[in-house]
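What follows is a set of notes on a single structure, which appears directly below.
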Amino acid sequence: RGAPNLSDEQLWVSTHSHVAQERERTAWLVAHLAEVFRRDLALKRGYPSLFKYARQELKLSDAAAWERVSAARLALQLPETIERLANGELTLAAASELWKTLRDV
């Protein structure tokens, strides 16, 4: 919205700001999914899994749901996951791979 009207410098700064905001919003979503999982809310609402809840209710793609649900499960074991996602130290892909590795141990 309005990006064509921005100067080069404004566009540069705004793009970085949006990326930081997106990481923070994603981290909050992961934190909420972890709490939904911890409380069994998806099951109580008739969803057989947190993944199905994310796909059907939240309308996330398969890939987006998988990464966020995996990161949420990792966050339940390693609470620093949320902060690291928010500040960019950890990606969703890396978090889901780490959770998969911990799950298989």
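The values are calculated or read from the model by the stated rules, or taken from the named source; none is laboratory data. Worth saying up front: this structure is predicted, and the values here are computed from it rather than measured. So basically every Cβ, Gly included, is an ideal-geometry build from the backbone, and we count neighbours across all protein chains shown. Note: accessible area is taken over every heavy atom of the protein model, side chains too, but ligands, DNA and RNA are not part of it. Shrake-Rupley method; radii C 1.70, N 1.55, O 1.52, S 1.80 Å.
Quick one: with all protein chains in place, what share of the accessible area of the range 2-105 is carbon or sulfur, to the nearest percent (1.4 Å probe)?
55 percent
Could you work out the local net charge near Pro48, counting Lys and Arg as +1, Asp and Glu as -1, over the other residues with Cβ closer than 14 Å to its Cβ? After counting each charged neighbour, the total is +2.
Each semi-axis of the equivalent ellipsoid for the range 19-65 is √(5λ) with λ an eigenvalue of the Cα gyration tensor; in descending order they amount to 21, 13, 6 Å. Between the range 10-31 and the range 42-105, what's the alpha-carbon centroid distance in Å? What the calculation gives is 18 Å, centre to centre. Taking all C-alpha pairs of the chain, those more than 17 Å from each other amount to 56 percent.
Solvent-accessible surface of the range 1-69, averaged per residue with a 1.4 angstrom probe and all protein chains in place: 76 square angstrom. Look at the alpha carbon pairs under 8 Å that are at least 6 residues apart: their mean separation over the length of the chain gives a relative contact order of 29 percent.
If you fit an axis through the alpha-carbon atoms of helix 92-104 and take the longest principal axis of the Cα set of the chain, what angle between them do you get, 0 to 90°, nearest 10? It works out to around 20 degrees.
Rounded to the nearest 10 degrees, the inclination of helix 8-38 to the longest alpha-carbon principal axis of the chain is 10 degrees.
For the range 1-40, state the average projected area of the convex hull of the C-alpha atoms over all orientations, rounded to one decimal in nm².
On the way: hull surface 12.5 nm².
Dividing the Cα hull surface by four gives the mean projection, 3.1 nm².
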